[in-house]
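Enquirer: The following block contains the structure, expressed as structure tokens.
The values are calculated or read from the model by the stated rules, or taken from the named source; none is laboratory data. Just so you know, these numbers come straight off a predicted model, no measurement behind them. Heads up, the Cβs are rebuilt from the backbone with ideal geometry, glycines too, and the neighbour counts pull from every protein chain shown.
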Amino acid sequence: MGMTSRERVLAALSFREPDRLPLDLGGSIMSGIMAHPLDRLRRHLGLESRPVRVYEVFQMLGEVELDLVERLGIDVLPVEPPVQFFGLRREDWKPWRLWDGTQVLVPGAFEVELAPDGDWLLHTAGDPSQPVEGRMPRNGFYFDMPALTAGHDDYRPPPLEEVRREHQLQPAELEFLASRAEHLRRTTDKALFLGCWDKFGLPWVGSIPDFLVLMLSDPGYVKELFAARTQTALDNLSKAKRYLGDNIDVLGLDGTDYGAQNAELFSPELFAELYVPFFRIQNDWVHRHTRWKTWLHTCGSVTRILPHLVEARVDILNPLQTSAAGMDPAWLKRTFGGKIAFWGGGVDTQRTLPFATAGEVAAEVRERVRLLAPGGGFVFNAIHNVQQGTPPENVVAAYDTAREAGRYPLG
């Protein structure tokens, strides 16, 4: 008798070998699939013909529905608030056409203004009287967030009192999350992943360049900011525990990137000084008061930050970007296996998954399973989201191979 999906995921996250390797696709907004390749994947598999819902507009991610979950053997489902980015509620779905002609569904409030150069401009909540938050270049794939990427020579961080009033989980959000989690717990056997990306962890202020400068120019402010963010996170964790209880299994603690392709974005010593104490407070609260596992996302080369994540008692790292400098999967498993679980890294989404043959994809997946799956501590997922133009044959090869090669005892 095989395990349930939830048992399988929790066993792996506790460094035990389940019946087979647990699989994720769409359990979070960092482990999903874009609408275009999802539409082609559904067609390739002969699933019911219907437009894909673009449930996360920033990255243009498609909703992975239960028929595909069952076909691929996916073990994780998301529990997320009704609004994620741009103030767009996931409701009142309406038809839309992507640049490549793919027919999809988008939230009812989704409206774009056509810029003179042909770009799509997205106003907050789709309201033209509100500021432009997103810009998708003509024939592009994603929305850029100028406020996230533009640096300012005269940037001044907000007063801490203002920060303390932000990011509070509201009763309506909690009721929505609780209803969703209860429904999925009752009707499926899947592990459930709670993703509320600005409600926990250590979200920063300003743009990425502004905050990187702020960490060096005013570390005292950053420490006070993180103390305030942590108090908000603890309040939100207490509320989430009260509303959701044991109906979730994995908590998306933080989704900030700390690494780039070749190195960390800032020094590991600065990470240890500024981040670790406050991450540890949040992780310790979760481990004392719940059965949840904490999940932290960071792309890039983070080999020198990983020991600090272990010190901060993070349970799960997502993804394992093995295409980044120093992120050798064999070394990572040998060095950190049993200390922090790995979620993702099963196949390279920069090169292999979109550009290799199905046979080459299967070979890479088998090798990653061989290296990362022994002793548990590994949930299979690609490195971040499956990207535009990825052949459906390659996605099927990745998940079919992981499911077969990941049967325990391995080999």
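Enquirer: Where residues in the range 199-236 are part of a helix (DSSP H, G or I) and β-branched (Val, Ile, Thr), which of them is farthest from Asn283 (Cα to Cα)?
Expert: The selected residue is Val213.
Enquirer: Could you grab me the full set of residues in the range 137-151 that are under 22 Å from the mean Cα position of the chain (by Cα) and touching a residue at least 24 places away in the same chain (Cβ under 8 Å)?
Expert: Selection gives Gly140, Phe141, Tyr142, Phe143, Met145, Ala147, Leu148, Thr149.
Enquirer: Okay, next question. Tally the residues that are crowded, with 16+ Cβ neighbours inside 10 Å and closer than 14 Å to Leu25 by Cβ, restricting the search to the range 57-96.
Expert: Number of matching residues: 15.
Enquirer: Here are some conditions: (1) closer than 16 Å to Leu270 by Cα; (2) hydrophobic (A, V, I, L, M, F, W, C); (3) surrounded by 16 or more Cβ atoms within 10 Å (Cβ to Cβ). Leu216 meets all but one. Which one does it not meet?
Expert: (3)
Enquirer: If you don't mind, there's one more thing I want to ask. Does the range 326-337 contain at least one residue that is over 18 Å from Arg16 (Cα atoms) and touching an Asp or Glu at 6+ places or on another chain (Cβ under 6 Å)?
Expert: There is no residue in the range 326-337 that is over 18 Å from Arg16 (Cα atoms) and touching an Asp or Glu at 6+ places or on another chain (Cβ under 6 Å).
Enquirer: Condition check: within 18 Å of Ser28 (Cα to Cα) and either polar (S, T, N, Q) or in contact (Cβ under 8 Å) with a residue 60 or more places away in the chain (or both). Does Val395 satisfy that?
Expert: yes
Enquirer: Here's another thing I want to ask about it. Only residues that are on the phi < 0 side of the Ramachandran plot and assigned to a helix (DSSP H, G or I): list them for the range 237-264, please.
Expert: Matches in the range 237-264: Leu237, Ser238, Lys239, Ala240, Lys241, Arg242, Tyr243, Leu244, Asp246, Asn247.
Enquirer: Something else: Between a first residue in the range 215-242 that is in the same structural domain as Ala272 (by TED's automatic domain parsing) and a second residue that is basic (Lys, Arg), which pairs have beta carbons less than 6 Å apart while being 6 or more apart in sequence or on different chains?
Expert: Ala228/Arg164; Asn236/Lys199
Enquirer: Kindly establish whether Val79 is modelled with pLDDT of 95 or more, within 21 Å of Pro37 (Cα to Cα), in contact with a helix residue (DSSP H, G or I) (Cβ under 7 Å, 6 or more places away or on another chain) and β-branched (Val, Ile, Thr).
Expert: No: the conditions fail for Val79.
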